[in-house]
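Data first, discussion second: the structure below is written as structure tokens.
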Amino acid sequence: MINFKEARKLVLEKVNSINFNTFISNKIDDRFLILDDLIAEKEYGWDFPYSNEKFLKTKSIKHAFAGNSPFFVDKYKSLIIERSSGISRDNFFEDYEEENEYWCLKIDSNLLTNNKILLLLKKKLKLDLNELKRLKNQSYNGETILSSGGQKKLESLKSVLQENGITGKIEFKFST
């Protein structure tokens, strides 16, 4: 696991080691700085935008550097990812959470003894009988994880369950 200070240092080293001169015809005689006021923190890491120092000092478009994609650092995997500047930060977070299954939707395991609720879950979650059996057998501390993935998707699923009288809760999987 990596902390914020270490992650910031790694990103700063990375952005200042990139040889941008291989991509453009004009030589860049500048250094890059992390935009601390724009850093986004999630439970699982940080998104670090950056820009070049001359532009930040002068605010002149002639010193602006285009195409500097932010870096995301996953604190649990100590992984640095250069994310596309063409994808919004929110969409990146949503996709990343879904891919890494950082969130889970839990319900009270006792609900799984009710056949009416089991049929409702089967229909709403599009589960087959084997998946229902798996749910019934994976209780831990009186709770069962119904689904894992991105927080936004799970919030939507939780709403569907609530509309049908089933209370669930969403938790981050790696609580410290």
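The values are calculated or read from the model by the stated rules, or taken from the named source; none is laboratory data. Remember, it's a predicted structure, so these values are computed and weren't measured experimentally. Positions of Cβ are generated from backbone atoms using ideal geometry, with glycine treated the same way; all protein chains shown enter the neighbour counts.
Is it the case, given these coordinates, that PHE72 is touching a helix residue (DSSP H, G or I) at 6+ places or on another chain (Cβ under 6 Å), crowded, with 18+ Cβ neighbours inside 10 Å and either at negative phi or not small (Gly, Ala, Ser) (or both)?
It is false that PHE72 is touching a helix residue (DSSP H, G or I) at 6+ places or on another chain (Cβ under 6 Å), crowded, with 18+ Cβ neighbours inside 10 Å and either at negative phi or not small (Gly, Ala, Ser) (or both).
Failed condition for SER159, given (1) in contact (Cβ under 8 Å) with a residue 24 or more places away in the chain; (2) within 23 Å of GLU99 (Cβ to Cβ); (3) small (Gly, Ala, Ser), with all others met?
(1)
Being exposed (fewer than 13 other Cβ atoms within 10 Å of the Cβ), assigned to a loop (DSSP other than H, G, I, E, B) and within 21 Å of the chain's Cα centre (by Cα) is the filter; apply it to segment 1-34 and report the residue that is modelled with the highest pLDDT.
Among them, the one singled out is ASN3.
Would you pick out the residues in segment 113-172 that are assigned to a loop (DSSP other than H, G, I, E, B), of a type in the set (Val, Ile, Thr) and loosely packed, with under 12 Cβ neighbours inside 10 Å?
Hit for segment 113-172 is THR167, nothing else.
Condition first: part of a loop (DSSP other than H, G, I, E, B), at pLDDT below 95, more than 25 Å from ASN3 (Cα to Cα) and within 17 Å of the chain's Cα centre (by Cα). Can you find one or more residues in segment 77-94 that meet it?
Looking through segment 77-94, at least one residue is part of a loop (DSSP other than H, G, I, E, B), at pLDDT below 95, more than 25 Å from ASN3 (Cα to Cα) and within 17 Å of the chain's Cα centre (by Cα).
Considering segment 130-156 alone, what residues qualify as being in contact (Cβ under 8 Å) with a residue 40 or more places away in the chain and over 15 Å from the mean Cα position of the chain (by Cα)? Break it down into steps so the answer makes sense when it comes.
Step one: list which residues in segment 130-156 are in contact (Cβ under 8 Å) with a residue 40 or more places away in the chain, which gives 145-154.
If the condition is that a residue be in contact (Cβ under 8 Å) with a residue 40 or more places away in the chain and over 15 Å from the mean Cα position of the chain (by Cα), then ILE145, LEU146, SER147 are the ones that fit.
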